[in-house]
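Working notes, beginning with the structure itself.
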Amino acid sequence: MVVTPTPLPSQPTLKIRWEALPEDFKLDDEPVENVGQSLIAGALRESLELVGYIQPEMLIASNLGICATVNDNLVIKAPDWMYVARVVSPPPNTDRRSYQLVSPPDYQRYWLEPMNLFLGVWQGEKEGRSGYWLRWWDAAGNLLPWAVEQVEQQQHQLEQERQRAEQEHQRAQQERERAERLAAQLRSLGIDPDQV
């Protein structure tokens, strides 16, 4: 049987310009975010992070607006979650955002009584981004780990336990070999090691 592929219909050429929202554009007063949006976005991202899928050249974002002019028509979208495989990286130590997170003096943390937690600024790296992050600390001052940090801690603990078990196995093997050598020496002297 011979199959002849059907040619795809030709697609119109799109003329796309990326520009800022016009100054005179009137935004709706209705919120565009739903209560579950942040949970969904976080869950989607966390799964990718745990398997090491997220790369620095990727853009994964939520809670944003996208403005473009497509064939001379203004198009505005507000996706709940967005993935772009490859983008031009920003300069080092900069972020793609409309605000800047600044570190309070001495990395001050703020106690939130209803949550029984501190909220503060932490400096470090996550997903290839180095900079300041908002993080939680418990009442004792312990940093609450991200899921990927918890997995790394568990893997580290498992590796330490594996190394301890291997060392114990080697020690037991050395003891057996030592006992066998002593038994052989006793036999060479005419002494039955089982009778000693």
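The values are calculated or read from the model by the stated rules, or taken from the named source; none is laboratory data. Here the structure is a predicted model, which means the values were calculated and not measured. Positions of Cβ are generated from backbone atoms using ideal geometry, with glycine treated the same way; all protein chains shown enter the neighbour counts.
Somewhere in region 48-59, is a residue in contact with a strand residue (DSSP E or B) (Cβ under 6 Å, 6 or more places away or on another chain) and at pLDDT 80 or above? The answer is yes; a qualifying residue exists. When each of GLU149, GLU168, GLU161 is tested for being assigned to a helix (DSSP H, G or I), closer than 25 Å to ARG109 by Cα and among the acidic types (Asp, Glu), the lone residue that passes is GLU149. If you go through region 122-139 and keep only what is at pLDDT below 85 and touching a Lys or Arg at 6+ places or on another chain (Cβ under 9 Å), you end up with GLU127, TRP133.
Taking (1) of a type outside the set (Gly, Ala, Ser); (2) surrounded by 10 or more Cβ atoms within 10 Å (Cβ to Cβ); (3) on the phi > 0 side of the Ramachandran plot in turn, ASN116 satisfies each apart from (2). Of all the residues in region 177-196, those that are under 53 Å from the mean Cα position of the chain (by Cα) and either loosely packed, with under 10 Cβ neighbours inside 10 Å or among the acidic types (Asp, Glu) (or both) number 2. Hey, could you check region 47-66 for residues that are in contact (Cβ under 8 Å) with a residue 24 or more places away in the chain and assigned to a loop (DSSP other than H, G, I, E, B) and say which is nearest to the chain's Cα centre (by Cα)? By that ranking, first place goes to ILE54. Against the list (1) in a helix (DSSP H, G or I); (2) modelled with pLDDT of 90 or more, the condition ASP106 fails is (2).
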